[in-house]
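The structure appears below as structure tokens.
The values are calculated or read from the model by the stated rules, or taken from the named source; none is laboratory data. Bear in mind the structure is a predicted one, so any value in this text is a computation, not a measurement. Reconstructed Cβ throughout: ideal geometry from the backbone, glycine too, with neighbour counts over all protein chains shown. Areas reflect the complete protein model, heavy atoms only, side chains present, ligands, DNA and RNA absent. Shrake-Rupley method; radii C 1.70, N 1.55, O 1.52, S 1.80 Å.
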Amino acid sequence: MTIPVVLAGHGALPSGVAGAAELVLGPQSRLAVCELGPAEDPDSYGERLAALTGDAAVLVLVDLPGGTPANRAKLLAARREGMRIVTGLNLPMVLEVLVRNGDVDELAGRALSAGRDGVLVEPVLTR
């Protein structure tokens with residue numbers, strides 16, 4: 001099953017992560033972006049997000065828990081089945097879900113694991 005993935009967040013972060021993912025994987029037809037502009041009204045953002053997520057199962061990867069993009073996604077998810085939201089948007093989580101197939105719950109779990117596992121303190125290289 002191919003589940004659409006929407007990257008939602010503040011400013012250009014979602015587009016930047018999408019661009020980086022496509023640099024690694026090539027063009028991704030199942031990937032969409034919904035950016036919150038600096039002066040954008042939360043209601044208009046919610047309408048744009050609703051239009052991108054459609055009525056089928058969808059995974060929404062959001063930058064910040066508690067922010068407008070996450071809150072608007074949660075309002076949408078409360079009114080429909082098959083929408084899952086994972087916060088903490090990062091490149092490892094996006095790459096993981098784009099190279100996998102599965103149902104929306106499986107992909108949400110993979111996003112969570114890959115996002116968490118992709119954050120670490122790198123050792124300093126010595127000569």
Item checked: The lone exception for residue 47 - which of (1) free of Cβ contacts under 8 Å to residues at least 12 places away in the same chain; (2) within 19 Å of residue 105 (Cα to Cα) it fails -> (2)
Next item on the list: Would you be able to say whether some residue in region 70-77 is among the basic types (Lys, Arg) and out of contact with any helix residue (DSSP H, G or I) (no Cβ under 9 Å at 6 or more places or on another chain)?
Entry: yes
Checklist line | 2 or more residues aliphatic (A, V, I, L, M) and open to solvent by 50 Å² or more (accessible area, probe 1.4 Å): qualifying helices (runs of 4 or more DSSP H) within region 47-127 | finding: 68-78
Item checked: Residues that are within 16 Å of residue 53 (Cα to Cα) and either charged (D, E, K, R) or exposed (fewer than 14 other Cβ atoms within 10 Å of the Cβ) (or both), drawn from region 2-27 -> 2
Margin query: Step by step: first the residues of region 36-46, then only those that are out of contact with any His (no Cβ under 6 Å at 6 or more places or on another chain) and open to solvent by less than 60 Å² (accessible area, probe 1.4 Å), then the one that is nearest to residue 15 (Cα to Cα). Which residue is that?
Written below: 37
